[in-house]
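S.K.: To start, I am sharing the structure in question, which I have written as structure tokens.
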Amino acid sequence: MAKSLRKPFRRIQANLKERIKERNKKWTGLGKAYEPLSTSANGTTSSPVRLKSIQANNRALALALHEEKLKVREARDAFLCLKGENQCLKFQIFYLQTLLQSQQVQAPAEVF
């Protein structure tokens, strides 16, 4: 019975590890996607170049915010799932304790 209860937890744990690996791959790719500002010979940048750089930065920030929201949502889902399993296990322990107590009360009565 104990092994069957461990399987869902291990499956959830493996899924979380896979999601974290995927998220880390996305983050490493995100840093390489955007090049730094290119400057002209005198060290200044033109307005369109600066605007494009700001737009690219805004897209990168929006993507990072979206990834963080997904990460929080996944963590919350995993927490709720584990909390539900915890409550289920507590109920099973309570049920088995009451069953054991009832058997211990009946056992001495059957001896006499």
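S.K.: Mind giving me the nanometre distance, one decimal, between the label points for T28 and E68, set 7 Å out from Cα along Cα→Cβ?
M.R.: Distance between the two pseudo-spin positions: 2.3 nm.
S.K.: Keeping all protein chains in place and using 1.4 angstrom, which order do K90, K71, K83 fall into by accessible surface area, from largest down?
M.R.: Correct descending sequence by accessible area is K90, K83, K71.
S.K.: Taking 0.36 nm per residue of separation and subtracting the Cα-Cα distance, what length does fully extending N57 through K21 add?
M.R.: That works out to 10.5 nm of additional length.
The values are calculated or read from the model by the stated rules, or taken from the named source; none is laboratory data. Everything numeric here is computed off the predicted structure, so don't read it as measured data. Don't worry about glycine lacking a Cβ; one is built from the backbone with ideal geometry, like all the others, and counts go over all protein chains shown. Please note that ligands, DNA and RNA were not included when accessible areas were found on the heavy atoms of the full protein model with its side chains. Shrake-Rupley method; radii C 1.70, N 1.55, O 1.52, S 1.80 Å.
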